[in-house]
Every structure is written in C-alpha cells, then in structure tokens.
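Engineer: For reference, the structure I am asking about is given below.
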Amino acid sequence: MHKKICILNGSPRINGNTKELIKYFTKGAETVGHEVTCFDLQKMNIHGCLGCCNGGKNEDFPCVQKDDMSQIYPVYKTADIIVLASPMYYWGITGQLKCAFDRLFAIAELNPNYENPQKECILLMASEGNTSDNFAPVKAFYEGLISHLGWKNLGIVYAGGNMNIGDILNKPEQLKQAEDLGKSIQ
Ligand SMILES: Cc1cc2nc3c(=O)[nH]c(=O)nc-3n(C[C@H](O)[C@H](O)[C@H](O)COP(=O)(O)O)c2cc1C
C-alpha cells in the first residue's frame, strides 16, 4: 500500500550525517512507491510550546502560535508514518526536533481527551558514540514516547561513529540500513 511519510529533520547541519540517512531512507521508500515529505526544521521558524492549552479550536490552524508549524500540521495529519530524524545531542534528540514535536500537541487538542492521531514511527539517528550504552537514553525516550502515544515502531537506525559532516559517507552499511528500512515499508 502506498503510504504518506512525514520526516521531521532535527539536524542543524543541513548536509550533515542525519541528512544522508534521510536521503537513503527516502530513496528506499520512494523506490517502493511511498510519498515522502521532509521538513528541515533548522530552516523553519518554529517556536517552543507555550503550554497554554488553548489550541485545538481551529482544524486548519490548531495552535495559538502562527509560525512555520502551519506547514507541518496538514502533512502530519494525513501522514501514515512519522520519521524522527536527529543527531544525538546530549544523549537525546536536538532541541529543534523536540520543539516541533511538542507543538504537535495542538493536533491532539483537536480531539476529545487529547487523543493523539495514530501513526507508525521510525527513528533515524547519527551520533559520535557507537555503543549500546550510548544509545540507551535515546532508546528509552523513543520507546516511551511511542508507547504512550500508542504508535507502532517500524524501525530504528542508530548510525554511530559519525562526528564530522560526511563521516557517514564512509559507512555504506549504515546508509544501506536506512535505505533498506525505507524499502521495507509496506
Ligand atoms: C551539541 C552537541 C551535542 C552532542 N552530543 C552527543 C552525544 O550526547 N552523544 C554522541 O554520541 N554524540 C553527540 N554529538 C555528536 C553528534 O551526534 C554527531 O556529530 C552527529 O553525527 C551529528 O549529526 P549531523 O551531521 O546530522 O549534525 C553531539 C554534537 C553536538 C554538536
């Protein structure tokens, strides 16, 4: 089945290692007929959630803040799959991605009891460290997040051993893993 995929790219380095993972993942997903939209959050004007709990009143503009989240909301709503793509920053996702993700609460506010739309989810992450110990905090965050949202995990690529822009180009096995994950989507 053809699926709609929304990628939230939290990397501040527009041509960094995370973007390479995204490129290969997208190639794989498009090869098997899926539709991919990627938002490079670093280029966008997205403010942090105000915690006002006053959103959800307007289907088209669910948040009280009018910024570039207005581009993401309609794509998020219709997407089957959400891809969280981020470098590891301090054993977590970047601020850019967390900031955008928090703002998705305005969509939940459209529903009674703040029900979240049901999605499938993928994590793509580049990092310097390359041990299971290094990835453990992010794994716990991601698993906890999607478990509470009721989302289904379709796969994770932890691309460790990458510090500088382009390091990942010397690790074809990591890029293949991202491409294969894209291709595996049914
Ligand atoms: C502020 C900052 C924090 C970082 N924190 C971690 C970390 O906690 N663990 C780790 O393995 N790498 C860490 N890194 C390294 C990045 O995850 C790594 O350079 C990654 O490849 C960057 O991806 P990008 O090229 O998409 O920006 C950090 C880098 C920066 C700039």
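The values are calculated or read from the model by the stated rules, or taken from the named source; none is laboratory data. Since the structure is predicted, the reported quantities are computational estimates derived from the model, not experimental observations. Cβ atoms come from the backbone with ideal geometry, glycine included; neighbour counts cover every protein chain shown. Quick note on the areas: whole protein, heavy atoms, side chains included, nothing else; ligands and nucleic acids left out. Shrake-Rupley method; radii C 1.70, N 1.55, O 1.52, S 1.80 Å.
Engineer: Using the Cβ atoms and a cut-off under 9 Å, what net charge is assigned to the surroundings of Ser11, where Lys and Arg are +1 and Asp and Glu are -1?
Structural biologist: Charge balance in the 9 Å sphere: +1.
Engineer: In what sequence, highest mean first, do 164-175, 26-37, 114-125 appear when ranked by Cβ atoms within 10 angstrom?
Structural biologist: The most tightly packed comes first, giving 114-125, 26-37, 164-175.
Engineer: Rounding to the nearest 20 debye, state how big the charge dipole of the range 1-47 is about its Cα centre with +1 on each Lys and Arg Cβ and -1 on each Asp and Glu Cβ.
Structural biologist: Here the range 1-47 has a charge dipole of around 40 debye.
Engineer: Could you give the semi-axes, largest first, of the ellipsoid that matches the chain, computed as the square roots of 5 times the alpha carbon gyration tensor eigenvalues and rounded to whole Å?
Structural biologist: So the three semi-axes of the chain are 27, 18, 15 Å.
Engineer: Under the rule of at least 5 residues apart or a separate chain, name every residue whose amide H is placed under 5 Å from the amide H of Asn130.
Structural biologist: Gly161
Engineer: Give me, ordered by chain and number, the residues 5 or more places off Tyr89 or on other chains with an amide H under 5 Å from its own placed amide H.
Structural biologist: Those qualifying (amide H under 5 Å, at least 5 residues apart or on another chain) are Thr94.
Engineer: Also, quick follow-up: Ignoring everything except DSSP H segments at least 4 long, calculate the 222 nm mean residue ellipticity for the chain; use -39,500 (n - 2.57) per segment, divide by total residues, nearest 500.
Structural biologist: So the calculated ellipticity at 222 nm is -11000 deg cm²/dmol.
Engineer: Each label point is 7 Å from the Cα along the Cα-to-Cβ direction; what then is the distance between the points at Ser184 and Asn153, in nm?
Structural biologist: Computed distance between label sites Ser184 and Asn153 equals 1.2 nm.
Engineer: Further question: May I ask you to give the solvent-accessible area per residue for the range 4-183, in square angstrom, as obtained with a 1.4 angstrom probe?
Structural biologist: Result: 47 Å² of accessible area for each residue.
Engineer: For a quick check of your reading of the filter: which trypsin sites (Lys or Arg not before Pro) in the range 39-75 sit in a DSSP loop and have no more than 13 other Cβ atoms within 10 Å?
Structural biologist: Lys57, Lys66
Engineer: Another one. Relative contact order (percent) for the chain, with alpha-carbon contacts under 8 angstrom and 6 or more residues of separation?
Structural biologist: Reported relative contact order: 32 percent.
Engineer: Sticking with this one: Considering only the range 4-183, what is the antiparallel percent among its DSSP beta bridges, to the nearest 5?
Structural biologist: 5
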